[in-house]
Amino acid sequence: MIFFSALLAQLLHVALMLAAAPVLIGAIRLVKARLLGRRGPPLLQPWRDIFRLLRKQPVLADGASIVFRAAPFVSLAATAAAAALVPSFALGMALGPVSDLLVIAGLLGLARGATALAGMDVGTAFGGIGSSREMTFSVYAEPAFLLVIFTLTLLAGSTNLDVIATLLHDGALGLRASLGLVLVALLTVALAENGRIPVDNPATHLELTMVHEAMVLEYSGRDLALIEAGTALKLLVWLSLIAAIFTPIGVAPSFALLAWPLGVASWIVKISLLALALAAFETSIAKMRVFRVPEFLGIALLLGLLAAVFLFVSTGIV
Amino acid sequence: MALPLLAAIVVALLGLGVVGAVAPPRKNLVHGGCAGFSAVGAVLSLGLLLAPGAATMSVPIGLPGMSMHLAVDSLSAIFLLLLFVTASAAAIFALDAHGDEETRALPFFPVFIGAMALSLLAADSFSLLFGFELMSLSSWAMVLYRHTEETSRDAGLLYLGMAAFSAACLIPAFGLLSTGLSGDIDLRFAALRALPPEGWRAVFVLVLVVLGAGAKAGLVPLHVWLPLAHPAAPSHVSALMSGAMTKVALYVIIRVLFDLCGPAQPLWWGFPLLVMGAASAVLGALRANMESDLKSVLAASTVENVGFIAIGIGLALIARGADLSSLAALALAGALLHALTHGVFKTLLFLGAGAAQHGGGSRVLQRLGGLVHRMPITTLCMIVGCVGLAALPPGPGFASEWLLFQAVLAAPRIGGLGLQTMMAVLAALMALAAALGAAAAVRLLGVAFLGRPRTPRVAAAEEARAPARWAMLGLAGLCGVLGLFPGLALGLIEPALRLLVRADLSRQIGPLTVQPAADMPGYGAPMIAALLLVAGGAAFLAIRRWAVPGHRRGPAWACGFAAPPAWLPFGDPVTQYGGASFAQPLRRALGTALLAARERVDMPRPGETRPARFSVTARDPADAFLSAPIGWTREKLVDIADSMQFLTIRRLLSVMFVVLVLFLAVVAGIEAS
């Protein structure tokens, strides 16, 4: 019975993540437009875009190889696998035992690598510039992310996200200064990994400022639909990750079916608040130069290191 | 039973070397023989791992009055398995070798394999050093196979110097290990084990072994030769040098520090390896992003991976010193698994680079491109290898790096604020190296194998022929098995862990999951792979079901670039990103600090007709801090020796008198003690 409810929670979680991801993008665009005094597109516009693109044949560039055609599938599959591992409304889901934070980082890296290869495949300057910058950003972001994982592991004793989230949910770890530092570091990393302002601009049409958009410039039709779904899903994965670790309120255990509606509702509230904050942040800040991104992520790295050292000093493990 | 057969294989391989030296070169016989013997050796060592047990034998040759002793245990069997698997793949690949130049390497190739096997089988200091030096010399000869090129000669000279340095460190190290024994000199490992070194002697052994074997493995700061020498050899030899030879050096480190020096060594023993390993990982991965030659990229990434393995070994030594045998086992398991997987995927990548060089006519990144269209199978194999290089799940390199990360994350338990902070920094450096490795993998694949061809020669590249193709596909399959079932490989490693750190990992390793501790959730590689397969399959089916079928072809959009002119059918190849441009952001941010990378733009003034020039220079820090002082010291010594030559006869005689008195004083001092 417990297993079946865990499985059911897992399936519901995956369906929820897949359905909600484009809505999240729509919500952020809507809020940003309102903040700028525009009316903005409807909430479901990203879903409409995906369906419209699915009805269009892709135009493959002359030099495109099988790598270019396979990359959207690999990228989306890796992101979806990561999405299946990050809890949303319930803890202790069927895939909980394998939801390792390092594996999640690896899966997101796989998605990034596949897209970067696709950017290089056609052999245009824009694809190359995007791939090069995307891989460079990841070089700065990964160490900071790993220090976040390091601190969480010191607290929880495991790199497993389900274990960490359960312990934080039960309040076993208490409130710590380190967690605050980790939160800021993780938010910074999430901005960089998702190509949001100030690192990259998801809405840009100026070629030289593009990173992620430059990589996928040659995609069209149903391939582009997969890419856009993957990008949206990645943002939701990061927001859910932050929500699961730092706001463990209202999350339901997977065997308590009656608590699920509350879990879903609290998850929606949390993600909406994060989306609102992201939209407000993006509206109030300008994009920075590519060569200043290392400094931006260097701050995250230092905060991560400080969090770990604070923890060493404050706990009895010294 | 297996040990005499393995010894016979070593003898047969050395004999094949003689066959290779006889006048009309019998390439197929030699390479076929190498492949066959290595395959038998691989089966034997696998058998040894599945039914663990130790065996020793002695051969009545060697130093006068002493015979050579051979032995296998579960540690040497792991490295033998890696050696023979990679050697048989490289030999099969070499069946397709071509050109007269490569036949120059023919007599040395089997000797190289045999020498590596001998140093792994050795059970006394003499056999080990003999095998080790034979390995160095035979590979040196193959580094020089294109001796007419100056770069090759320089690489060979540097390599020989480093090999001599290794010997100059390792021979005294083993000498120190065997002193302190009463009576006859006994070089057998069993005798060394009975009397492990203590105090200052142990410190000297540690320093000498880490320097001597570390130089051979390519640990920073003794790595300068590696990105030059490994690419200079023929591809199947480079593959073995990176895949197997560096592992033999690491085997020597593990054998001496864990086995021969005994378990009672202090905690700080791990720090030299830890620091050198972290520096190697970061510097090697950064250099892999800067190199412009396909094989140099791979060689630089070998420095990175050797660094990861050294981190694991160092951490295991620290944990053993702190009496945390389960943590030591975790770190050492990560190190050994990484040695195995890196050996396999790096061999595959070097063979693929060789195929690309043969098919595309160059191994310079800036002269390749678009090989995926003409060499699909080679490209597929390279992608598999690069997934390992980038340490992405569920590829071959991920499980081992995951284990190493788990060990680092658990290490703060040892205690001490300094050590804990060091572990946090180490974790960040390892993540930096892993991310740099991923960037290097994307750069290598993207520039050399994807994109548009940069020369007409690459546009007409030919796929590798049958034996080479099978060698690569076999290794790629093995990479898949190692990636999907790391638990199986760890099952083979487990007896060695029991032998070296006396910890039992059997409850943490299953075919489906690998766990950092017995009752903790872990990494389930088959589960992750299945998840990816289901997600990808569902996306594929959904597209088949709901999206429109088919596609159209058109010129690349590239934000509205004009169509290429008629005389450049693929467009101007320089309008796509190349190796140097891909690395530019990293070079500016990290390269200026770590590699002293400088960009120089020479812009003609308005009205001048000469072209503008852009050049990039970079210098390895080890070059500046190690090679330069050595060269300076040599100059000074030469000056002193030179001035001695022109002394008057009176002064020369007094110098000789003083030296004689000094020697007599030293002899008298020894006699007195």
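Below is a table of values for the structure above.
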item	result
Boolean, B:Pro110 is in a helix (DSSP H, G or I) and either modelled with pLDDT under 95 or not assigned by TED's automatic domain parsing to the domain that holds B:Gly477 (or both)	yes
Test: B:Leu586 is within 14 Å of chain A (Cβ to nearest Cβ) and touching a helix residue (DSSP H, G or I) at 6+ places or on another chain (Cβ under 6 Å)	yes
Any hit, region A:232-239, residues being assigned to a helix (DSSP H, G or I), under 24 Å from A:Met93 (Cα atoms) and of a type in the set (Lys, Arg)	yes
First in region A:36-64 and under 18 Å from A:Val23 (Cβ atoms), second anywhere and surrounded by fewer than 16 Cβ atoms within 10 Å (Cβ to Cβ) and of a type in the set (Val, Ile, Thr), Cβ under 8 Å, 6 or more apart	A:Leu54/B:Val548
Residue among A:Ala265, A:Ala243 that is away from chain B (no Cβ under 11 Å), touching a residue at least 24 places away in the same chain (Cβ under 8 Å) and of a type in the set (A, V, I, L, M, F, W, C)	A:Ala243
Within region A:80-136, considering residues that are farther than 28 Å from A:Asp162 by Cβ and more than 7 Å from chain B (Cβ to nearest Cβ), the one surrounded by the most Cβ atoms within 10 Å (Cβ to Cβ)	A:Gly119
Elements of type helices (runs of 4 or more DSSP H) in region B:578-673, at least 2 residues being modelled with pLDDT of 90 or more, β-branched (Val, Ile, Thr) and more than 27 Å from A:Phe137 (Cβ to Cβ)	B:628-645, B:649-672
Those residues of region A:67-79 which are facing chain B (nearest Cβ under 9 Å) and crowded, with 24+ Cβ neighbours inside 10 Å, in sequence order	A:Phe68, A:Pro72, A:Leu76, A:Ala77, A:Ala78, A:Thr79
Flag if B:Ala23 is over 23 Å from the mean Cα position of the chain (by Cα) and free of Cβ contacts under 8 Å to residues at least 60 places away in the same chain	yes
Top-ranked residue in region A:25-80 [being part of a helix (DSSP H, G or I) and β-branched (Val, Ile, Thr); ranked as farthest from the chain's Cα centre (by Cα)]	A:Ile66
Those helices (runs of 4 or more DSSP H) lying entirely in region B:373-491 with at least 3 residues among the hydrophobic types (A, V, I, L, M, F, W, C)	B:376-389, B:396-410, B:417-444, B:466-484
Residue tally, condition crowded, with 16+ Cβ neighbours inside 10 Å, in contact with a Gly (Cβ under 8 Å, 6 or more places away or on another chain) and more than 18 Å from B:Leu222 (Cα to Cα), over region B:144-170	1
Check on B:Gly536, modelled with pLDDT of 85 or more, facing chain A (nearest Cβ under 10 Å), under 24 Å from A:Ala64 (Cα atoms) and surrounded by 13 or more Cβ atoms within 10 Å (Cβ to Cβ)	yes
Top-ranked residue of region A:249-265 - restricted to ones that are surrounded by fewer than 19 Cβ atoms within 10 Å (Cβ to Cβ) and small (Gly, Ala, Ser), ranked as farthest from the chain's Cα centre (by Cα)	A:Ala256
Matching residues in region A:39-58 - criterion: being in contact with a helix residue (DSSP H, G or I) (Cβ under 7 Å, 6 or more places away or on another chain) and within 9 Å of chain B (Cβ to nearest Cβ)	A:Leu53, A:Leu54, A:Lys56, A:Gln57, A:Pro58
Given (1) in contact with a helix residue (DSSP H, G or I) (Cβ under 8 Å, 6 or more places away or on another chain); (2) more than 17 Å from B:Met245 (Cβ to Cβ); (3) assigned to a helix (DSSP H, G or I), index of the condition B:Gly343 fails	(2)
Filtered residues of region B:543-567 (kept if more than 9 Å from chain A (Cβ to nearest Cβ) and either on the phi > 0 side of the Ramachandran plot or surrounded by 11 or more Cβ atoms within 10 Å (Cβ to Cβ) (or both))	B:Gly560, B:Pro564
Residue count, region A:208-230 (criterion: touching a Pro at 6+ places or on another chain (Cβ under 8 Å), away from chain B (no Cβ under 12 Å) and either closer than 17 Å to A:Ile50 by Cα or among the hydroxyl-bearing types (Ser, Thr, Tyr) (or both))	1
Filter pass, B:Leu436 being more than 7 Å from every other protein chain (Cβ to nearest Cβ) and surrounded by 23 or more Cβ atoms within 10 Å (Cβ to Cβ)	no
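Quick grid of which residues meet (1) touching a strand residue (DSSP E or B) at 6+ places or on another chain (Cβ under 9 Å); (2) of a type in the set (Gly, Ala, Ser); (3) surrounded by fewer than 24 Cβ atoms within 10 Å (Cβ to Cβ):
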residue: B:Ala459; (1), (2), (3): no, yes, yes
residue: B:Pro467; (1), (2), (3): no, no, yes
residue: B:Ala471; (1), (2), (3): no, yes, no
residue: B:Leu478; (1), (2), (3): no, no, yes
residue: B:Val481; (1), (2), (3): no, no, yes
residue: B:Leu492; (1), (2), (3): no, no, yes
residue: B:Arg502; (1), (2), (3): no, no, yes
residue: B:Arg507; (1), (2), (3): no, no, yes
residue: B:Leu512; (1), (2), (3): no, no, yes
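The values are calculated or read from the model by the stated rules, or taken from the named source; none is laboratory data. Quantities reported herein were computed from a predicted structural model and do not represent experimental measurements. As a convention, Cβ positions derive from the backbone with ideal geometry for all residues, glycine included, and neighbour counts pool all protein chains shown.
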